[in-house]
Amino acid sequence: MARHLVVTLSSHGFGHIGQTAPVVRALCERLPGLRVTLRTSAPAFKLRERFGAEARIVPAVTDVGMVQENAQAIALEASAQAYQRFHDGWERRVSEEARQLVDLGGDLVLANAPYLPLAAAQRAELPAVALCSINWMDIYAHYFSARPEACVLLDEMRRAYSSAALFLRPTPSMPMRTLTNGRVVGPISDCGVNCRAWFAEHLGLREDERLVMVSLGGMELCPPWADWPRFPGVRLIVPGSWGCRHPDTVDFEALGVPYVNALWSSDALICKPGYGSFVEAACAGLPVLYLARPGWPEVPYLVQWLKAVGRAEPLEQRDWQGGDLSAHLQRLWEAPSPLPISADGAEEAAEAILPILL
């Protein structure tokens, strides 16, 4: 009988999708006929793009993540209150989640990185594996450990994460020193197809014109593009949600191509610090301009790794707002080009998960 993998995904940005999809595909290659169910509130179009049409999507909210004001700023008090509400009646919530997992009939729960499904899998006596470069326990502790309710909440999170057979940590990741079930694997990334010839024809690019992808990882942060200067020799691929009519920008969604192919056809990436953005750019050999993400505890580990394997430069808020991008980009393009890195973490993760799934 075909095995059934239940994947639970945080909806806090698109990085959790990007980390998990290559691992699931690697498992499907090893186990033809593997059934995959995705439990998440992430957008269906993004799930289809990364996991394919065969995966079943079951809308579900299984974690809090963080409440964002925008791609850079966290609503701290709203986030703390959301966690307190989420843990009110924790035992009841775990039991209900366990019932849903049993009803799905899965053979293994793979969580990136909600902890509720891990606690529920233990209660339902189902094997479970966590996979992520962060965990919400350490994120919560970073911001809220001084709050009176934090001790109880952190203990419930720790016990949930520790119940997993493994916590696979793709490179680069946070240290996660309080978890004893961690195992480091290599970088995880989708590899795209360079469609530059198609872009050149479709957009009428000159031979010396460069493409720059602008992506905030599924979180909104629209600059005052109407006040931006022209970008001679550069076209920016920007989110369609901006409604941008700048003469040097292109609406990404209107292109009708997968994101990873557009990225691999570009000459640079402008983004916020995030696992998917940084690792995908490094695998494509692209230089990165990154916006500030104040206080986010994962950032130092991401930036240190990217600067060691690629080309990266911070982009000040005033330059982002004013569209002063050209000098930054030119410096990156003039720097020596490192070799693209190999994304071998998906294969390593699949090999670690396979015996548990079987």
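In this structure, GLU347 does satisfy being at pLDDT 95 or above, under 27 Å from ASN181 (Cα atoms), in contact with a helix residue (DSSP H, G or I) (Cβ under 9 Å, 6 or more places away or on another chain) and charged (D, E, K, R).
Quick check on the stretch 229-241. Is at least one of its residues of a type in the set (D, E, K, R) and crowded, with 17+ Cβ neighbours inside 10 Å? Yes. Restricting the first member to the stretch 292-307 and to residues that are more than 10 Å from PHE278 (Cβ to Cβ) and in contact (Cβ under 8 Å) with a residue 12 or more places away in the chain, and the second to residues that are polar (S, T, N, Q) and assigned to a helix (DSSP H, G or I), the beta-carbon pairs closer than 7 Å and six or more apart or on different chains are ALA292/GLN317. Only one entry in PHE252, PHE278 is over 17 Å from the mean Cα position of the chain (by Cα) and hydrophobic (A, V, I, L, M, F, W, C), namely PHE252.
Of all residues in the stretch 98-123, those being outside any helix (DSSP H, G or I) and crowded, with 21+ Cβ neighbours inside 10 Å number 9. Against the numbered list (1) among the small types (Gly, Ala, Ser); (2) assigned to a loop (DSSP other than H, G, I, E, B); (3) closer than 23 Å to GLU334 by Cβ; (4) modelled with pLDDT under 95, SER277 comes up short only at (2). Condition (residue is surrounded by fewer than 17 Cβ atoms within 10 Å (Cβ to Cβ), basic (Lys, Arg), touching a strand residue (DSSP E or B) at 6+ places or on another chain (Cβ under 8 Å) and within 23 Å of ALA352 (Cα to Cα)) applied to the stretch 158-172: is it met by at least one residue? No - not one qualifying residue is present in the stretch 158-172. For the stretch 336-358, taking the residues that are hydrophobic (A, V, I, L, M, F, W, C) and over 30 Å from PRO127 (Cα atoms), the one that is least open to solvent (accessible area, probe 1.4 Å) is identified as ILE341.
Considering only residues that are surrounded by 15 or more Cβ atoms within 10 Å (Cβ to Cβ) and without any contact (Cβ under 8 Å) to a residue 12 or more places away in the chain, which ones fall in the stretch 175-217? Within the stretch 175-217, ALA200 is the sole residue that qualifies.
Of all residues in the stretch 251-272, at least one satisfies being under 18 Å from GLN68 (Cβ atoms) and either of a type in the set (Lys, Arg) or buried (at least 20 other Cβ atoms within 10 Å of the Cβ) (or both). Scan the stretch 133-144 for residues that are surrounded by fewer than 22 Cβ atoms within 10 Å (Cβ to Cβ) and touching a helix residue (DSSP H, G or I) at 6+ places or on another chain (Cβ under 7 Å) and jot them down. Result: TYR140, ALA141, TYR143, PHE144.
Beta carbons closer than 8 Å, at least 6 apart along the sequence or on distinct chains, pair a first residue in the stretch 311-333 that is under 24 Å from PRO300 (Cβ atoms) with a second that is assigned to a helix (DSSP H, G or I) and open to solvent by 70 Å² or more (accessible area, probe 1.4 Å) for GLU313/ARG331.
The values are calculated or read from the model by the stated rules, or taken from the named source; none is laboratory data. Only a predicted model underlies this, so the values are computations on that prediction, with no experimental measurement involved. Because the Cβ atoms are built from the backbone with ideal geometry, glycine has one as well, and the counts that use them run over all protein chains shown. The area values use the complete protein model at the heavy-atom level, side chains included, leaving out ligands, DNA and RNA. Shrake-Rupley method; radii C 1.70, N 1.55, O 1.52, S 1.80 Å.
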